[in-house]
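Each remark here refers to the structure printed beneath this line.
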Amino acid sequence: MHRDTLPPRKRYTRLSGSADALAIARLARGDPMARLARGEPSARPAAASIPVAVVSANARDAQRLAEEIAWFEPELRVCLLPDWETLPYDGFSPHADLVSERLATLYRIQQRDFDVVLVPAQTALYRLCPASFLAAYAFRLEQGKRLDLDSLRRQLALAGYDHVTQVVAPGEYCVRGGLIDLYPMGSALPYRLDLDDDVIDTIRTFDVDTQRTLYAAKEIRLLPAREFPLDEAARGRFRSRWRERFEGDPSKSSLYRDVSSGIAPPGIEYYLPLFFDALATLFDYLPAGATLVLHLDVAAAIDAFWRDAASRYRLLKGNPDRPLLSAAELFVTAEEFYVRAREFARVDVAAGAPAEDAEREPLAANPLPSVMVDRRAQDPLSALKAFAQGSGLRVLVAAESPGRRETMNAYFGEYGLHPAPCASFEAFLRSAGRFHLAVSPLANGFALTAEGWCVVTEAELYAGTVRRRERGAEKRSSVEAMLRDLSELKIGDPVVHVQHGIGRYQGLATLDLGAGATEFLLLEYEGADKLYVPVSQLAVISRYSGAQAEEAPLHRLGSGQWDKAKARAARQVRDTAAELLALYAKRAAREGFAFEVRQHDLEAFADGFGFEETPDQAAAIESVVRDMSSGKPMDRLICGDVGFGK
C-alpha cells in the first residue's frame, strides 16, 4: 500500500458541504486569497485565470464539482475527463459518447482551452494516447474552402470514422451526392455540409432524430474517432509488438485477426501500448503552470484501484485468445503518480481534522445547524426562521430545479417567508437582501461566517427525504417511443412501417451496398415481399397493436392497401375528433370544484412514501394536483402496476 508522502503547498481542511467547489473556483479565477494558498504574491491581476486540474477520489464528486464550479463562476471554462466506465481488462469497449467526450477534453487540455479540468482518480491512472496522435489526426473543414471528396473519405477513414447510410452517433459520416453529414467526436450535434461543386457552400448542424438542420456554422473541428490509430502502419506496429510480448501462434487469437483486418474488436482499448511507441499520462497533457488539486482521499482511491486491477489480472490472464498486458503498461503506479505530481503547484482539499495552520487557510466554511422542515409542526419552517434571524448571515436557499423553486416559494409564503428571487450566485453577492431563493446544482449547504453569507440546499431542508438529483435528465415515457430498441422484437412479430404498412419482422441482415457493411431489419410482407430497413431508421417502425399477432393482416408492397387504410383511419379520426371537441366544449363550460392545495399538507402526505418517485409517477402526481386545483371537471384515469414491495 503506497501512501502519499509529498508535502502539499497548501491544504484546505475546513470546507463543509459544497464549499470545496467554491474554493476551487476561486483558485482558478486567481482570487487574491486563493493565490496566497499557493504561496504566490497577492498583487497578481484578479482577471487572470490559473489552469487547475482537480483529481477527485471518485467520479461522483468529479461530476458534482464540474456542475457546482460552473455555477459559482460561469465564466470559467470547466471540463470533465470521464472514465471509460469499464473494469480493468474488460472484454468490451466504452460507449462512443464517452470516447467522444474524452477526446474532446484531451484536445481542450492540449490546446489549453480550459480553466478547470476534473478527473476521477481512477481515470487519472489510465495511460493515454500521446498528444501527438490527436495533433496528427485532427483537422478542420471551413465554409468557402475547396474540398476534395475522395481526399476527405481517405482522411475520415484514417481517423476511424464509419461510413453509414444515416448519421446518428459520434464517429459516423455519410455522403449523398453534394451533401455530407458528419458527426465529429467531441461535438454535441452532427453537421451537414452542402457542396457547390467542390466548394463548401454551407455548414449547418442538424437534429439526429428529425434530420432537420438547426443553425449555421463557419467551420468544423474533427478529432479522431478512437483513442488509437487503426491505419496500416498502426496495425503493423500492433502485430509486431503482439508477437514480441505473447507466446504462441497469433493467428489463433480472434483479437489479433480482427486488428489485422482493420476491425476494432471489443476491449481493444486494453492493448493501447501495442499501437504507440510510448503512451502519455494526464501529467503530460497538463500545461506547466497548472495547479494540481487532490480532492479528498485520492491515495485510498489509487490503492483500491490497483488492488482491483491486480485481482482482475490474476482472474483473466489464463485466456489464450486474449493474453493480457501487465498492469504497469496500462496504468500509472502510485509511486509514478506522486513523482509526477511534484512537477506542479499543489493544493489538497482534505476532510477530517483541521491542519495545525488551519487559521491561515484562505477559505473556511462551517456546517449549518439543523434547519430541517418539520411537516408535523404548527410552523414547519421554525428552524429555518430561527437560523435566518439569529445567525446574522445573509441566506441563499438553493432549489434543484425551476419547478422546485416555484413550489418552495409558495410553501415559504404560506408561513410568512418571502425570499427574493435570485438569478445567479453573482446576483446574490451583489444584492443587499437578507433572504434569497435561487436554482442551483449545489448538493449541500455551508456557511461562510467571515464573509457574512450562507447557502441552504434542499439536502438540509428535507434531510431524510429521498430526492432525485438531475431530475431533468430523466425522460418520461412517450407514445412516440413505443419501440425503443431491437431487444423488444422477436422473429415473427408483426410491425408497422410508417410508409409501407404491416409486415413481419424476420431478423437482422447485413448488406454491403457499396458504402461498407450495414445492418438492416428484414421485414416480410404479403406474397413473400421483402423490405430492408436500416437499423438507424428504427424510428419508422412501431409495434403492431391490433388483433392477435398470429392473425395480423399483412400488406402487399406497392399495392396501395396501406394508403387506403390510412385514409379510412384519417376519416374516422376526424369524426371522432369532432365528437370529442363537442363533448369537451360542454365540459369546459361547466364549473367544477377547485380544491385548495396547501403545499405543506401535500408534502406531509407525500413524506410517507418511502420510495423515490419514477418520472412517470411524478408526472401523474403533478397532473392530478393541477387538475384538482383548476376548477374544471377532472377527466383523468391513472393506471399503474402494483409491483413487489408496493
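Residues that are in a strand (DSSP E or B), under 23 Å from CYS79 (Cα atoms) and either touching a helix residue (DSSP H, G or I) at 6+ places or on another chain (Cβ under 9 Å) or not aromatic (Phe, Trp, Tyr) (or both) do not occur anywhere in the range 147-162.
In the range 508-516, is there at least one residue being surrounded by fewer than 11 Cβ atoms within 10 Å (Cβ to Cβ) and among the polar types (S, T, N, Q)? Yes, the conditions are met somewhere in the range 508-516.
Looking at GLY592, GLY631, just one residue is in contact (Cβ under 8 Å) with a residue 40 or more places away in the chain, more than 26 Å from TYR415 (Cβ to Cβ), assigned to a loop (DSSP other than H, G, I, E, B) and open to solvent by less than 40 Å² (accessible area, probe 1.4 Å), and that residue is GLY592. Within the range 166-193, how many residues turn out to be crowded, with 19+ Cβ neighbours inside 10 Å and more than 17 Å from ARG212 (Cβ to Cβ)? Number satisfying all stated conditions: 7. Within the span defined as the range 103-125, one or more residues are open to solvent by 10 Å² or more (accessible area, probe 1.4 Å) and small (Gly, Ala, Ser). Filtering the range 527-536 to residues that are surrounded by 16 or more Cβ atoms within 10 Å (Cβ to Cβ) and assigned to a helix (DSSP H, G or I) leaves VAL535, SER536. Within the range 128-146, track down each residue that is open to solvent by 40 Å² or more (accessible area, probe 1.4 Å) and in a loop (DSSP other than H, G, I, E, B). Scanning the range 128-146 gives GLN143, GLY144, LYS145. Any residue in the range 79-90 that is of a type in the set (Ser, Thr, Tyr) and free of Cβ contacts under 8 Å to residues at least 60 places away in the same chain? Checked against the condition, which is being of a type in the set (Ser, Thr, Tyr) and free of Cβ contacts under 8 Å to residues at least 60 places away in the same chain, the range 79-90 yields no hits at all.
On the basis of being touching a strand residue (DSSP E or B) at 6+ places or on another chain (Cβ under 9 Å) and either surrounded by 15 or more Cβ atoms within 10 Å (Cβ to Cβ) or under 24 Å from PRO130 (Cα atoms) (or both), does ASP201 make the cut? So ASP201 fails the test. Put simply, of PHE609, PHE605 the only residue that is free of Cβ contacts under 8 Å to residues at least 24 places away in the same chain, under 19 Å from TYR462 (Cα atoms), not charged (D, E, K, R) and not in a helix (DSSP H, G or I) is PHE609.
Of the residues making up the range 537-574, those that are of a type outside the set (A, V, I, L, M), free of Cβ contacts under 8 Å to residues at least 60 places away in the same chain and assigned to a helix (DSSP H, G or I) are GLU550, GLU551, ASP563, LYS564, LYS566, ARG568, ARG571, GLN572, ARG574. When TRP242 is tested against the conditions (1) in a strand (DSSP E or B); (2) over 20 Å from LEU128 (Cβ atoms), the lone failure is (1). Of all the listed residues (LEU81, LEU106, LEU65), the sole one being modelled with pLDDT of 95 or more and under 21 Å from ALA334 (Cα atoms) is LEU81.
The values are calculated or read from the model by the stated rules, or taken from the named source; none is laboratory data. These numbers come from a predicted model, not from an experiment. Every residue, glycine among them, receives a Cβ derived from its backbone with ideal geometry; neighbour counts consider all protein chains shown. In case anyone asks, the SASA skips ligands and DNA or RNA and just uses the protein heavy atoms, side chains included. Shrake-Rupley method; radii C 1.70, N 1.55, O 1.52, S 1.80 Å.
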